[in-house]
Amino acid sequence: MDKQGGREKAFVTDIKALRERARRHIKEGAVTQTYAGNVETACKVLNEALATEIVCVLRYKRHYFMAKGIHAGPVKAEFLEHAAEEQRHADRIAERIVQLGGAPNLSPEGLLSRSHSEYVEGTTLLDMITEDLVAERIAIDSYRDIAGYFADFDTTTCRMIEDIQASEEEHADDLAELIEGLPRSEAV
């Protein structure tokens, strides 16, 4: 029973038509006839997200190798963990682009112009953590917008982006805690 009319809503689908549609345009893979989005635009948006993740991987890796000082140990470990997670995000996005019939743009040429985040190296431990936190905050808002874009026509991509966004929120919390944990002399 539903709450509105007191009657249970029946699930009815034309199985024969569903089966026939699935056999048409079979080479298009996951993009069925009922996909309501523009595949070209979807792949462009996802390639921007892919570039964002790649830039984040590169920045975290640099910070991992460049972090120095008595307090660098746990920070380096966090940088390395985040780099690996950002790489997994990039892989998921690239796989989805291929599922939609597109090609992941992994070219280094124009990478920064496609990325929503920046590549700022930072010189001190605090600078590095701060730049990574800024990048995570950019990714969080960017992915919120991207999920909203896909919400009405591509629930698979929407859920993937929301999952990645949740991970970025965890990264931001981790980085904020690292800043709080630095001694005053390094955090000022």
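For region 97-147 versus region 70-92, the inter-centroid distance based on Cα atoms is 14 Å.
The 3J(HN,Hα) values that the Karplus relation (6.51, -1.76, 1.60; θ = phi - 60°) gives for region 134-150 are, in residue order, 4, 4, 5, 5, 5, 4, 4, 5, 4, 5, 4, 5, 5, 4, x, 4, 7 Hz. Gly and Pro appear as x.
Approximating the spin labels as points 7 Å out from Cα along Cα→Cβ, the residue 95-to-residue 77 distance works out to 2.8 nm. Over the chain, DSSP H runs of length four or greater, each weighted -39,500 (n - 2.57), average out per residue to a 222 nm ellipticity of -22500 deg cm²/dmol. Length gained on full extension, residue 41 to residue 180: 46.0 nm, using 0.36 nm per residue less the C-alpha separation. Each principal axis of the Cα cloud of the chain was taken in turn, and the coordinate range along them, longest first, works out to 69, 47, 21 Å.
For the chain, what is the relative contact order in percent, using Cα pairs closer than 8 Å and at least 6 residues apart in sequence?
Taking the mean separation of contacting Cα pairs over the length of the chain, I get 23 percent.
Across region 92-103, computed HN-Hα scalar couplings (Karplus, 6.51 cos²θ - 1.76 cosθ + 1.60, θ = phi - 60°) run 4, 5, 4, 4, 5, 4, 5, 4, 7, x, x, 10 Hz from first to last residue, x flagging Gly and Pro. Label sites at residue 7 and residue 66, each approximated as a point 7 angstrom past Cα along Cα to Cβ, lie 6.7 nm apart. Per residue, the accessible area of region 46-163 comes to 48 Å², computed with a 1.4 Å probe over protein heavy atoms only.
The values are calculated or read from the model by the stated rules, or taken from the named source; none is laboratory data. Keep in mind that this is a model prediction, so the values were computed, not measured. Virtual Cβ from ideal backbone geometry, glycine too; neighbours counted across all protein chains shown. Quick note on the areas: whole protein, heavy atoms, side chains included, nothing else; ligands and nucleic acids left out. Shrake-Rupley method; radii C 1.70, N 1.55, O 1.52, S 1.80 Å.
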